[in-house]
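J.: This is the structure I want to talk about, given as structure tokens.
The values are calculated or read from the model by the stated rules, or taken from the named source; none is laboratory data. Because the structure is a prediction, the values reported are computed rather than measured. With ideal geometry, Cβ positions are generated from the backbone for all residues, glycine too; neighbour counts draw on all protein chains shown. Just so you know, the surface numbers come from the protein's heavy atoms only, side chains and all, with ligands and any DNA or RNA stripped out. Shrake-Rupley method; radii C 1.70, N 1.55, O 1.52, S 1.80 Å.
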Amino acid sequence: MTEASASSAHPAYPADFPDTSAGSLFATTTTVAGHGGDEIEAYLARPAGTRSRGGVVVIHHLPGYDRGTKEFVRRFAEMGYDAICPNLFHREAPGAAPDDAAAVGRAAGGVPDERLVGDVAGAAAYLRALPYANGRTGVIGHCSGGRQAVLAACRLDDIDAAVDCYGAFVVGEVPEGMNMNVTPLVADLPNLGAPLLGLFGNEDKYPSPEQVAELGQILTEHGKDFEFHTYDGAGHAFFATHRPSYDVAAANDGWSRIEAFFGKHLAAAEG
């Protein structure tokens with residue numbers, strides 16, 4: 001298991017922040033202590049008020065730490081969670097525009113698994129150290145981030161819920177010629193320690209419906225707590241509102257399932 005501590009300095013709410021207005025949010029750029037103690041950039045969003053709440057680590061997709069991902073972070077804050085997205089490409093391209101940083105990340109074949117786990121651990125520790133945190137943390141990712149959400153839930157023992165949105169190569173080999181330095185997670189899946197929600201498009205190739213079925217079979221064989229939902233007519237990246245792949249019906253249903261799933265698993269334990 002990987003351990004990391006939260007950054008020592010957490011951003012406070014502005015002095016005039018309206019802590020009683022329903023729907024008010026606070027969003028900012030901060031840093032977290034990631035893998036190896038490296039200080040990396042992260043985007044944080046918090047709901048107003050002093051209500052106890054869980055936290056969500058958002059893992060960005062291979063195109064990077066971009067506007068769409070930050071919108072996901074703010075949406076979780078609107079749902080009532082503290083949410084954070086670590087910039088996985090910060091070391092390679094600090095301060096770079098998302099497209100430029102993503103180009104560097106793609107050229108490297110993505111983020112090494114060990115480093116990803118350390119960065120997620122640091123982001124989760126940061127959330128748990130915030131005022132009003134209830135100690136429960138979920139992780140979610142899309143595309144490459146979906147695979148990485150599963151990876152984190154297999155290798156970290158303090159993740160309470162994980163969501164995989166069409167993560168490629170949890171099972172199945174990377175095709176020849178595709179520059180991705182990743183391996184299937186079949187050997188990690190017996191260690192999955194959190195409930196898993198999977199959302200997939202039936203028109204997707206990576207993962208294909210056959211790969212989704214294979215993943216479900218493996219999880220069933222190991223007695224894991226999971227639920228998968230697949231959408232006819234939807235392909236890869238159906239949550240991405242800025243892409244032609246956006247599928248309104250699939251995305252809306254997916255969001256409702258994410259909200260219910262995190263609502264069930266990230267609420268403070270009773271008693």
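J.: On average, how much accessible surface per residue is there in segment 72-118, in Å², for a 1.4 Å probe, leaving out ligands, DNA and RNA?
T.: Computed with neighbouring chains in place, this is 39 Å² per residue.
J.: Shifting gears a bit: Let me check something: with ligands and nucleic acids excluded, how do F72, F89, F226 order by accessible area (1.4 Å probe), largest to smallest?
T.: Descending order: F226, F72, F89.
J.: How do R53, R67, R75, R155 rank by accessible surface area computed with a 1.4 Å probe, from largest to smallest?
T.: Largest accessible area first, the list is R67, R75, R155, R53.
J.: Now for a different question. Express the accessible area of segment 200-262 per residue in Å², computed with a 1.4 Å probe while the remaining protein chains stay in the model.
T.: Details: 3340 Å² over 63 residues.
Value for segment 200-262: 53 Å² per residue.
J.: In addition: Leaving out ligands, DNA and RNA, and with a 1.4 Å probe, what % of the accessible surface on the chain is carbon or sulfur?
T.: 48 percent
J.: For K264, give me every one of the lysines with a C-alpha distance below 22 angstrom, ignoring sequence neighbours fewer than eight places off in its own chain.
T.: Leaving aside lysines fewer than 8 places away in the same chain, those within reach of K264 are K224.
J.: [x] 7, 27, 27, 16, 8, 5, 4, 3, 2, 1, 0; [y] 7, 32, 38, 19, 3, 0; [z] 6, 20, 23, 13, 6, 5, 5, 6, 6, 5, 3, 1, 0: which one is P(r) over Cα pairs in 10 Å bins from 0, in percent as calculated from this entry?
T.: Derived directly from the coordinates: [y].
J.: How far is helix 209-221 tilted off the main Cα axis of the chain, in degrees rounded to 10, range 0 to 90?
T.: Taking the Cα atoms of the chain, the angle to 209-221 is about 70 degrees.
J.: Based on the alpha-carbon gyration tensor of segment 171-271 and its eigenvalue square roots a ≥ b ≥ c, which shape applies: rounded if a/c is under 1.5, prolate if not and a/b is larger than b/c, or oblate? Could the numbers behind the result be given before it?
T.: Values: a/c = 2.01, a/b = 1.12, b/c = 1.80.
Oblate is the answer for segment 171-271, as a/c is 1.5 or above yet b/c matches or exceeds a/b.
J.: A follow-up question, please. Under the definition of Cα pairs under 8 Å and six or more residues apart, what whole-number percent is the relative contact order of the chain?
T.: Taking the mean separation of contacting Cα pairs over the length of the chain, I get 17 percent.
J.: Oh, and also: For R136, what residues show an amide H to amide H distance below 5 Å, using hydrogens built from the backbone and excluding near sequence neighbours?
T.: When sequence neighbours closer than 5 places are left aside, the close amide H contacts are G55.
J.: Can you compute the helix-only [θ] at 222 nm over the chain? Use -39500 (n - 2.57) per DSSP H run of at least 4 residues, normalise by all residues, nearest 500 deg cm²/dmol.
T.: My calculation for the chain gives -9500 deg cm²/dmol from helical runs alone.
J.: Nearest 10 degrees, 0 to 90: what angle lies between the long axis of helix 67-79 and the longest principal axis of the chain (Cα atoms)?
T.: Compared with the principal axis, the helix lies near 60 degrees.
J.: Based on the mean of other Cβ atoms within 10 Å per residue, sort peptides 130-139, 227-236 so the most packed one is first.
T.: Listed from highest to lowest mean packing, they are 130-139, 227-236.
J.: Run the reach check for K205 against aspartates and glutamates, Cα to Cα strictly under 17 Å, same-chain hits fewer than 8 apart removed. What comes back?
T.: Within reach: D164, E173, E176, E214, D232, D247.
J.: While we're looking at this one, here's another question. Under a point-charge model restricted to the Cβ atoms of Lys and Arg (+1) and Asp and Glu (-1), what is the dipole moment magnitude of the chain relative to its Cα centre, in debye to the nearest 20? Display every interim value, and only then the final one.
T.: Working: 19 positive and 35 negative charges, 122 e Å.
Dipole about the Cα centre, nearest 20: 580 debye.
J.: Can you compute the modelled spin-label distance between E92 and E114, with each label point 7 Å from Cα toward Cβ, in nm?
T.: That separation, rounded to one decimal, is 1.8 nm.
J.: Right, next: Would you mind classifying segment 213-271 by shape? Square roots of the alpha carbon gyration tensor eigenvalues, ordered a ≥ b ≥ c; an a/c under 1.5 is rounded, otherwise it is prolate if a/b is larger than b/c and oblate if not.
T.: Details: a/c = 3.38, a/b = 1.34, b/c = 2.53.
Taking the square roots of the gyration eigenvalues as a ≥ b ≥ c, segment 213-271 is oblate.
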